[in-house]
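Bear in mind these aren't lab numbers, they're just calculated from the coordinates by the rules spelled out. Since we're looking at a predicted model, the values are computed, not measured. Cβ sites come from the backbone with ideal geometry, for glycine too, and all protein chains shown count toward neighbours.
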Amino acid sequence: MAEIGQRPKKLCFVTIGATASFDSLISACLEPRFLEALAGAGYTHLVIQYGKEGKSLYDRAVSESLRTKELEISVTGFDFNRDGLGQEMRAAKGEARGVEGVVISHAGSGSILDALRIDVPLIVVPNPSLLDNHQVELAEALEEQGYVVHGRLEDLSVAIAQSEELRKRHKQWPPVNSGQHRRARGLAGVMDEEMGFLD
């Protein structure tokens, strides 16, 4: 297998958000089956925003995971970024004519909208530990409309394959009959227009 530096960079960015801990998402993203799915889809980098309380879990899981070295996936993490997560999401989008990655996010509306604006494939994973949790309904509705993949903690490896299909569908978005101004802007342009963020 080629060295990480020699292969085109393909990044998976995982965010748990800024307010609630989501240890089960951090753990799920460091499981061998998920790492194998990433490697199988050509990913070279995994960046995890583990939040205020997730550092010890992240450190322990990374030190126990030998699969990252075997699969040649570079794994890094951080707790919080005061400037937001736009830079990391754009890195997952990839450079012009580069290899595109994916964002895996908790089902917080702010993170979802940020990823949709960048037009990067998005896997939304509801946090089952939250009270009065409406995240499942949000993830299901967005998946039904074709914007995201509804990821499940039990098997995120399936979501990686589904995100590759989502990427192909987004490349065809919007439909040909929707006008030239939309054709050039992709899904992010459609979402901006729907939300009222016009240039």
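Modelled this way, with points 7 Å down the Cα-to-C-beta line, the labels at Asn133 and Thr19 are 1.6 nm from one another.
A Förster radius of 22 Å, combined with the Cβ-Cβ distance separating Asp83 from Glu164, puts the computed FRET efficiency at roughly 0.15.
Note on Lys52: lysines with a C-alpha under 30 Å away, same-chain residues under 8 apart excluded, are Lys9, Lys10, Lys69, Lys93. Scanning residues 5 or more positions from Ala107 or on other chains, those with amide H under 5 Å from its amide H are Val125, Asn127, with H placed 1.01 Å from N in the peptide plane.
In summary, no lysines lie within cross-link reach of Lys55, defined as a Cα separation below 18 angstrom excluding same-chain residues under 8 places away. Measuring r between the beta carbons of Glu53 and Lys9 and using R0 = 35 Å, the FRET efficiency lands at 0.75. Each of Arg90 and Ser63 was given a label point 7 Å from its Cα along the Cα-to-Cβ line. The distance between the two points is 3.5 nm.
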